[in-house]
1. Report, by residue number, each residue of segment 418-461 that is more than 14 Å from Leu517 (Cβ to Cβ), polar (S, T, N, Q) and out of contact with any Lys or Arg (no Cβ under 9 Å at 6 or more places or on another chain).
2. Of all residues in segment 351-382, which are of a type in the set (A, V, I, L, M, F, W, C) and in contact with a Ser or Thr (Cβ under 7 Å, 6 or more places away or on another chain)?
3. Within segment 321-351, how many residues turn out to be under 21 Å from Val97 (Cβ atoms) and of a type outside the set (Ser, Thr, Tyr)?
4. Can you tell which of Thr660, Thr648 is crowded, with 17+ Cβ neighbours inside 10 Å and either over 39 Å from the mean Cα position of the chain (by Cα) or at pLDDT below 75 (or both)?
5. Quick one: which of Thr90, Thr38, Thr63, Thr47 is among the β-branched types (Val, Ile, Thr) and in a strand (DSSP E or B)?
6. Taking segment 23-33 on its own, how many of its residues are within 23 Å of the chain's Cα centre (by Cα) and modelled with pLDDT of 85 or more?
7. Assess whether Ile20 counts as being assigned to a helix (DSSP H, G or I), within 25 Å of the chain's Cα centre (by Cα) and at negative phi.
8. Pick out the one residue from Ser130, Ser147 that is closer than 17 Å to Tyr247 by Cα and either modelled with pLDDT under 95 or not charged (D, E, K, R) (or both).
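The values are calculated or read from the model by the stated rules, or taken from the named source; none is laboratory data. Just so it is clear, the structure is predicted and the values come from calculations on it, not from any experiment. A quick note on method: Cβ atoms are made from the backbone with ideal geometry, for glycine too, and the neighbour counts reach across all protein chains shown.
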Amino acid sequence: MPTELALTLIWSLPFLAAVIAMAMPAGARNGEAWLAGTVAAVGLVLTILLFPQVADGGVVHSTITWMPAYGLDLAFRMDGLAWLFCVLVTFIGLLVVLYARYYMSPKDPIARFYALFLAFMGAMLGLVMSGNIIQLAIFWELTSLVSFLLIGYWYHRSDARDGARMALVITGTGGLALFVAMMLIGHIVGSYDIDVVLASGRLIAEHPLYPVTLILFLLAAFTKSAQFPFQFWLPNAMTAPTPVSAYLHSATMVKAGVFLMTRFWPVMAGTDMWFWIVTYGGLATLLFGAYAALFQRDLKGLLAYSTISHLGLITTLLGMGTPLAAVAAIFHIANHATFKASLFMAVGIIDHETGTRDVRKLSGLRRSMPFTATLAIIASGAMAGVPLLNGFLSKEMFFTETAIYDPNVFVNLSLPIVATLAGMLSVAYSIKFVHGVFFGPEPTGLEKTPHEPPALMRRPIELLVLACLAVGIIPGITIGPYLAAAVVSVLGGDTPYYSLSVWHGFNLPLIMSIIALLGGVAIYVPYYRRLRGIDGDPLLRGLRGQRIFERLLITATNRWARKMVSVFGTQRLQPQIFIVVLLALAAGVGAGWARMGNLPLPSSFDPVLGLVWIVGGVSALAAAWQAKFHRLAAMILMGGAGLATCITFAWFSAPDLALTQLLAEIATTVLILLGLRWLPKRLPVPEDISIGMRLRRYRDVILAAAVGLGTGLASYAIMTRQAPEGISEFFLANAYTEGGGTNVVNVMLVDFRGFDTLGEITVLGVVALTVFGLLRRFRPAPDSADRPEQQRVQADFAEAQGSANVAADFLRIPALIMNWMFPVVMTVAIYMFLRGHDLPGGGFIAGIVMSLGFILQYMAGGTRWVEDRLRILPVLWIGWGLLIALLTGLGAMALGFPFLTSAFAYADIPLIGKVPMATALLFDLGVFALVVGATVLMLIALAHQSIRRPKPASTPQPRKREGLDTWN
């Protein structure tokens, strides 16, 4: 398989599978598990196959052209470090999928779980494989968003919602800091390509912007990897399902921060600022996490704080700035992933089979769960750093680095002392986990009778524990080559000699390990009864990060938000519109005033056009006046103002705009008329209105006139600007040669600015779905008319219905003629669509024309006739329209061209001759389909209310389920 294809499949398959998993039917538990497991297995196999190419410092690349002029291509790369992380993400992901198959209840929304899990896997793979630092920041934020959904998976629980929100706020803020840091790094280096950045040497560290860049960079890394003082979000993320916790703590979310520091270690480390912040930030996290873990009675809480501590260990190593410390950090990243994933899965089994994770209620489980107990004890030994297990090797390397002599007395004493103390605490909380759960008397009062889980549920733990043993006993064979590849990719030519031997002689690091083991036993044994009953560290109980976060951020933010709303907010629409219009006036006047001295006077003016404008202005003024009395008349007059605008467009040689404006006027007028039928009845204008009300009306008139004049001034300033080098000339000169069409407007929309159009039609589809979602349960009629105010509303409703019927009778023409017009309208729509690339028309205009045909059918027979005879599926039209437009762009990328690149040629068709063909036609087809679907969906949402009549109060109204499936 080609290397570029393999790289693309590794990161893209999880996202594709996530969409498929979400679409799978309910109850497809095995199918979703098989899908997720297959994707993880394929990613693992592809990654393993790429190892020979990255083993000796090699790097493989895959680039998808996006915006090469700005250096923003989709670039993916794999070196030894990325390879190691990809193996961890896919291998542990595969094991977690197998484990989750038995852990998750069939009553849970399994499709959503696997879809989010796969998206999380894809986001992490995209992060570690990113070859562009801006792209890396985007995947970074994507991991935060998906983890937010996974942590809050059981959203009916308030603690899950709070934990998810906290994680999103903390890590999301760090993500924004990372984006700014990446922009600064790109500015310093002159490129966003990560290969160029990593090859920049000391350029970043010696730049004046280095301090600011480093602070932002470390803010992102510390928040994601739960380093002090941001460590408090991670224990609150334990509300996620245990498979998510196992994955998040071992191979994905929290490892992103240490991956970032490791990836940029060659260019960011080595300065005093880096040393003091990273080393002692990690050291504080290491000690605090180990201390807090000792006082947790929830097993997942104990493991969460132990994760914080071990992440602090890795951060401390990266902060030291020596090559051997970087080797130890990379080694411990892999070791921690194996024993921590196995421990979380073991805790999940304990919770699953006993109904609790509270260490006070658990004891003696080694009798009823001997296999699980054995596996958990071995994994806990690896976490504590017991010899012949993988955790011992990397922790001894950590002790070695902290024991190196440093001229600074404070550094020389603090590093080995704190490291040894943290090692003692890690042994103590590991013993608490093992002794408190598996030893002692038989448990009593449990919700379930403890027993071993299904064998396949235990297999992932067995494989991970086997890895802990194999690496601990024969590290040179099992992990040596892979660790070397990762180390060389980071250190390059500065890679030092290091040994993975189990025995290095009787030296200071070994003495520190022995002190840590014996000291941990000495801490736990005398106080195990008290430690078993305590919940939370007694010294820092009043200094909880969660409490500070909630008080300073959540409470303060809500308080200030309420104050801002009380000052600037209002429940009335008119003051809000007043502010918006006032801002528009300021912008318009400002734009016109900027060129006031250079505005040319018109050389001539046609009085016929002036008459058109006068008619349009009078229509607008009359519409504003009639709005007080008769809304239907106001709408008709507004149509006259819109028609004047259409004529103006046509007058100034803009037939596409004129045609679009005309058709939009027709469609929106009908839709607004349908919506007006459900507005409350206008109250009569009192004869003796107050002076304040009169002044407000005069103010509104003056403001409206000023806005009109300001907008006209700004428009005139823009249209009369002298810009021979502007982009307009480029479009005029290249529309045919580059886009294959003579209609410059359409070529711009579907070719030169196709990406903008894709965003615009996406917004249109979202708006249509939003309108339908808001109106599908709207009931203007009350359920009963027992109370006087309900009777008044009932009467107003009947009066509105009468007005609606009058409007409908006025608009309705014989249904037979409308039915005959339908094929004609469809033909015109097809004609406008096909000619759009060379003459006025296109997908948008054709879509509106076809929508008008459906509107005519509704006017003739109502929504039921349209539903029964035409079977319109507007949501499918929207979906297919977006899909066709997107596939058009992806097709160009598949052929090696930038996204949405258009191609055109002449096709020689028999009996017809040469016909111009362009791939932009397919994109325009997507625009056409989406416009039709969006317009018809809004029509159905509004017209659906018209077939409902208020029932008498004595007649019960059955509740009918209504949703998208009603019309889809």
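1. Across segment 418-461, the qualifying residue is only Thr449.
2. Leu362, Leu375, Ala379
3. Looking only at that region, the number is 15.
4. Step by step, each of Thr660, Thr648 is checked, and only Thr648 is crowded, with 17+ Cβ neighbours inside 10 Å and either over 39 Å from the mean Cα position of the chain (by Cα) or at pLDDT below 75 (or both).
5. Thr63
6. Step one: filter segment 23-33 for residues within 23 Å of the chain's Cα centre (by Cα), giving 23-24, 32.
Next, only the ones that are modelled with pLDDT of 85 or more stay: 32.
Looking only at that region, the number is 1.
7. On the way: assigned to a helix (DSSP H, G or I): yes; within 25 Å of the chain's Cα centre (by Cα): yes; at negative phi: yes.
So Ile20 fits the description; yes.
8. Ser147
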